[in-house]
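S.K.: Would you mind keeping the following structure in view while I ask a few things?
The values are calculated or read from the model by the stated rules, or taken from the named source; none is laboratory data. This is a predicted model, so every value here is computed, not measured. Cβ placement follows ideal geometry from the backbone for every residue including glycine, while neighbour counts extend to all protein chains displayed.
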Amino acid sequence: MLYIMGDAFDDLTNMKINKLLYFAQGHYLKEYGKPLFDDGIEAWDHGPVIPAVYSAYKGYGDQPIKGYDASMVLDMKPDAEEVLFGVARKYGKYTASALRNMTHVIGSPWDQVYQANHAHIEIPLPVIQDYFSEVEILAPATKQFKESDFIGYRDGDGVLVLPKEWDDGEV
């Protein structure tokens, strides 16, 4: 991914590269029925992570990755290169935070296996493949609210009513 996006984007952080590789794995599984790479993907607090990739670039913190060695890229199969370029075009324009939010939607592979305050849990490849096969296009998530996110109560017509002390009388 660094080989493909490194010079074109100045915001390729560890988080972003991990999310892009997750998307690449999902699209490759959907298209070819086999994994793009062998490393496992785990459900961490901030979304799917490939531990080896995270470890390789953790020294950058949340700063863009610079100075990678493009000669380390092995010969890439045309189908792999096509998927990686496609993912770079489709998702590279989003920030790391937006990509993180896209992985956190209800029903996503991350959502299916993530358990707060537990060790990192591997996301099974069939779960990733099934999800990417069912979802037409991933887009930045809109905030998904639960009823408990709101202050107040719903009246008989289902209208949210704020507590009296919050009502300033203006509409």
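S.K.: Contact list please: Cβ distance under 6 Å, first residue in segment 51-69 and modelled with pLDDT of 90 or more, second residue loosely packed, with under 15 Cβ neighbours inside 10 Å, pairs at least six apart or on different chains.
M.R.: 52/39
S.K.: Another question about this same structure. Could you tell me whether residue 23 is closer than 21 Å to residue 121 by Cβ, of a type in the set (Phe, Trp, Tyr) and surrounded by 16 or more Cβ atoms within 10 Å (Cβ to Cβ)?
M.R.: yes
S.K.: Please determine whether any residue of segment 80-92 is at pLDDT below 90 and loosely packed, with under 11 Cβ neighbours inside 10 Å.
M.R.: No.
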